[in-house]
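The values are calculated or read from the model by the stated rules, or taken from the named source; none is laboratory data. This structure is a prediction, so every number in the text was calculated from the model and none was measured. Heads up, the Cβs are rebuilt from the backbone with ideal geometry, glycines too, and the neighbour counts pull from every protein chain shown.
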Amino acid sequence: MPGPDTDLDLLTNAAREAGEIAMHYFRADPKVWEKAGDAGPVTEADYAVDRHLRETLRAARPDYGWLSEETEDGAERLSRRRVFVVDPIDGTRAFVKGETAFAHSLAVVEDGVPVAGVVYLPAKDRLYAASRGQGATLNGAPIGVVAEGTDVPRMLTTRPNVEPVYWPGGVPEMQRHFRPSLAYRMALVAEGRFDGMLTFRDSWEWDIAAGVLLCAEAGATVTEARGGPLRFNSERGMVAGVLAAEPDVHAALLARM
């Protein structure tokens, strides 16, 4: 893995510090607000983590742009070659309920491609990390997708994604599972605990940038939901869904679309 003072080291240290902040509020009745436009809840923990990450990461890399769920967006990042793409707390609803499946998702994107990424679940003390060309790890140990999974793939996806309207070739058979955080779902695929994850919904870049790199470095095939290439630091800040899966599973699912 990369040596000291790399972007991955920076993200790793920042993620652990974010975890300490989040756990201060976890199961401690944090203040909660509802975002406009039915965009879901946000807590004082989200804002505290976002503020710390923004100050820490940008101080270390002042020439990098910034895209975060809890920071007002602007066009300035579009002119930057490297950009931090951050979700301070992915799975805020789970956090509010006192559930442990929430994550900090931190990535560095270079020329539209994730090159360093960390997904950290502080309540579980599980830190997934990847750097382009260096593989993926969980708490420092190498991880990878399972090349020969079950006959019926184990997929992390929600019920609407298996509606027949999406599958002209017939709804594929699968064991459907769920986790509240998109970043965590992708990390679990990278770890080999599931064969793939799928969402047809447009996805915010901050939810998936780190997870995309984790899956790719773990040997998965990762694309937009219908097979298109993924590019980050777009003006809209969203991609057309995500399909990340063991390569044979990925190909089989695309064939049904």
Handout entry: Filter pass, Ala245 being crowded, with 24+ Cβ neighbours inside 10 Å and within 13 Å of Pro114 (Cβ to Cβ)
Key = no
Problem - Residues satisfying the stated conditions in the range 64-79, i.e. surrounded by fewer than 17 Cβ atoms within 10 Å (Cβ to Cβ) and part of a helix (DSSP H, G or I) - result: Ala75, Glu76, Leu78, Ser79
Practice task
Output yes when any residue across the range 83-91 is touching a Lys or Arg at 6+ places or on another chain (Cβ under 7 Å) and crowded, with 17+ Cβ neighbours inside 10 Å, and no when none is.
Solution key: yes
Practice task
Mind counting the residues in the range 174-198 that are of a type outside the set (D, E, K, R) and touching a residue at least 60 places away in the same chain (Cβ under 8 Å)?
Solution key: 8
Exercise for the section: Being out of contact with any helix residue (DSSP H, G or I) (no Cβ under 8 Å at 6 or more places or on another chain) and either surrounded by 17 or more Cβ atoms within 10 Å (Cβ to Cβ) or not in a helix (DSSP H, G or I) (or both) is the filter here, so list the residues in the range 48-63 that pass it. Expected result: Asp50, Arg54, Pro62, Asp63
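Take the conditions over 17 Å from Gly237 (Cα atoms), among the aliphatic types (A, V, I, L, M) and within 21 Å of the chain's Cα centre (by Cα) and apply them to Ala22. Does it pass? I'd like the intermediate steps shown before the answer.
Working: over 17 Å from Gly237 (Cα atoms): yes; among the aliphatic types (A, V, I, L, M): yes; within 21 Å of the chain's Cα centre (by Cα): yes.
The answer is yes for Ala22.
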Handout entry: The listed residue being assigned by TED's automatic domain parsing to the domain that holds Tyr47, surrounded by fewer than 24 Cβ atoms within 10 Å (Cβ to Cβ) and under 19 Å from Ala218 (Cβ atoms), out of Val113, Val119
Key = Val113
Practice task
Kindly list the number of the only condition in (1) touching a helix residue (DSSP H, G or I) at 6+ places or on another chain (Cβ under 9 Å); (2) surrounded by fewer than 23 Cβ atoms within 10 Å (Cβ to Cβ) that fails for Ser181.
Solution key: (2)
Completion exercise
Just one listed residue, out of Ala107, Ala14, is buried (at least 17 other Cβ atoms within 10 Å of the Cβ), within 29 Å of Gly140 (Cβ to Cβ), touching a Ser or Thr at 6+ places or on another chain (Cβ under 8 Å) and small (Gly, Ala, Ser), and it is Ala14
Handout entry: Extreme residue, farthest from the chain's Cα centre (by Cα), among residues of the range 127-159 that are without any contact (Cβ under 8 Å) to a residue 40 or more places away in the chain and more than 17 Å from Ala220 (Cβ to Cβ)
Key = Asp151
